[in-house]
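Before any comments, here is the structure.
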Amino acid sequence: MFADASFERTSTEERFHLPPAPRIIKELIPQLLKKLSEGQAKQLANILIAFIFAPRTAGGASGALALRTYVPKGPDKVEFVNFIFAENAVAGAMVEKAHSFRAFLQGEAPEGEKRRSLTPAVDKMPKEEGFLRMLLPQRLGGMGLSHTDFCRVRMAIAKGDPAISWVIQIISGTSWITSMAPGGVQDAVLGDGPRPVCGAYNPPRKARKADGGWIISGTWPDMSGSRQPNWAQQSVVLEGYDGPVVPGISMCYLPMDNMTIQDTWFVSGMQGTGSDTAIAKDVYIPESQPVVRTTGIAQLIGAVEAMLEIVTAESPKKPVLTTIIGPRTKSGAEMRDLGEAAAMIDTAKLILFDLTEKADRVGLGEAFTLAEKAKQRAGGPQMIALVHTASEPPMFQAGSSGFALDKPINRYWRDISMALRHIENIQTIGYEIYGRNFAGADPISPPGGY
């Protein structure tokens, strides 16, 4: 326990204003105190801050309030919930667990493509093994993985089946955004424990004003993971809004029981994601605030890495046809192409983890400037170009037989090729956003759309 006498003489309010950790925004402290009763604030200051703040030689104190969170449990009691981000052992265990399911997912993938959705066995796996609550904060029953660790898990899952990794990313990311929605939304969607949330944000549909809320009607195509969630987060345009219409700026939450799913997902890639059309007709919801959501690239990096692993494993055994070279490992040209693809994958990872490191720091209280948001949008196109280019040499080495539908490398290639064309992965838009911000030109998208 803290033994410094100067600390013991401080008041509850003074303890909250001790020099914060480098990543804490001090302006957030008054907001925190407003949410606590006098008894809760006193307990928080006496137990949490006294325990984790350490004395400094000058007589002050410093600490890491950012690394803890609390849950009110009564008028004069708070319960503390570990670290905001999961400890390394938890994150490492989830990565290892993801790797352990690789053979299982590869075996189920052909049937998933035929069904154009998750098989019953695969449907159970992410729910029972915790893969759908990795990003949810611990206060809501989740694991609280950092963005960086979440990407590591998705890359491992994608080596088994990119489509399943895509569904996990969509549901996990949308559920995580729900955890930051207004309290009423959190209570309705997550009040009874972790619940899967998916969503679709293009095109946005109209929300008609009603007494105390909104009436939602519309259809949303391409809703990945449409058969797994309890709730859907759908893009809307609010009645009376006269600003630019950008998909994903305003979202609403609809119970899946109040929607119907139309079987429309007939595509050549990412077939197993069940990205069908959701339909709502005159569904009433209470007032809520707009939120935003994003897509992800980590699963594409994992998938192209799996392609490279397949052809690398074949290299000592497969000959370079029409030559006398023998196995591919004796061909300078073949090894050069493998090296280039591997280097591009390594570069994509460097960009990815640089961007997620910033997102993790934001999660600990650091600000996210407009310039940094624009840089993130440019980082996406860089990774997309690298993944696209790196996916081609393995297919040339696999040859025409690699395009047989029963070959795993073909499924990886088709899934990557389609996912690269997701609306958030359009390279020219990301680069233009960054270029305009860099040059101080007029933006083409509201900051919330970055």
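Here are a few things to note about the model shown:
- Verdict on Ile351 being touching a residue at least 60 places away in the same chain (Cβ under 8 Å), of a type in the set (A, V, I, L, M) and surrounded by 15 or more Cβ atoms within 10 Å (Cβ to Cβ): no
- Selection within the range 196-238 - more than 14 Å from Ile261 (Cβ to Cβ), hydrophobic (A, V, I, L, M, F, W, C), more than 17 Å from the chain's Cα centre (by Cα) and crowded, with 23+ Cβ neighbours inside 10 Å: Ala207, Ile216, Val236
- Some residue of the range 402-410 being in contact (Cβ under 8 Å) with a residue 24 or more places away in the chain, aliphatic (A, V, I, L, M), in contact with a helix residue (DSSP H, G or I) (Cβ under 9 Å, 6 or more places away or on another chain) and over 30 Å from Glu314 (Cβ atoms): no
- Any hit, the range 182-193, residues being under 13 Å from the mean Cα position of the chain (by Cα), part of a helix (DSSP H, G or I) and of a type outside the set (Asp, Glu): no
- When residues of the range 357-406 are limited to those that are among the small types (Gly, Ala, Ser) and either touching a Leu at 6+ places or on another chain (Cβ under 6 Å) or on the phi > 0 side of the Ramachandran plot (or both), the one surrounded by the fewest Cβ atoms within 10 Å (Cβ to Cβ): Gly399
- Residue that is at pLDDT 90 or above, touching a Pro at 6+ places or on another chain (Cβ under 8 Å) and surrounded by fewer than 23 Cβ atoms within 10 Å (Cβ to Cβ), where the choices are Thr260, Thr312, Thr329: Thr329
- Condition check for Ala359: among the hydrophobic types (A, V, I, L, M, F, W, C) and free of Cβ contacts under 8 Å to residues at least 12 places away in the same chain: no
- Of all the residues in the range 407-433, those that are part of a helix (DSSP H, G or I), surrounded by fewer than 22 Cβ atoms within 10 Å (Cβ to Cβ) and either of a type in the set (S, T, N, Q) or modelled with pLDDT of 90 or more (or both) number 10.
- Considering the range 363-405, and only residues there that are in a helix (DSSP H, G or I) and hydroxyl-bearing (Ser, Thr, Tyr), the residue that is nearest to Ala306 (Cα to Cα) turns out to be Thr389.
- Inclusion of Thr69 among residues that are farther than 21 Å from Ala298 by Cα, of a type in the set (Ser, Thr, Tyr) and modelled with pLDDT of 90 or more is not warranted.
- Meets criteria (surrounded by 14 or more Cβ atoms within 10 Å (Cβ to Cβ), assigned by TED's automatic domain parsing to the domain that holds Asp161 and at pLDDT below 80) for Arg133: no
- Residues located in the range 284-305, provided they are over 21 Å from Pro126 (Cα atoms) and modelled with pLDDT of 90 or more: Val304, Glu305
- Being under 25 Å from Met155 (Cα atoms) and of a type in the set (Val, Ile, Thr) holds for only one residue in Ile384, Ile444, and it is Ile384.
- The lone exception for Gly199 - which of (1) closer than 30 Å to Asn410 by Cα; (2) in a helix (DSSP H, G or I); (3) not aliphatic (A, V, I, L, M) it fails: (2)
The values are calculated or read from the model by the stated rules, or taken from the named source; none is laboratory data. What you see is a predicted model, and the numbers here were worked out from it, not measured in a lab. Reconstructed Cβ throughout: ideal geometry from the backbone, glycine too, with neighbour counts over all protein chains shown.
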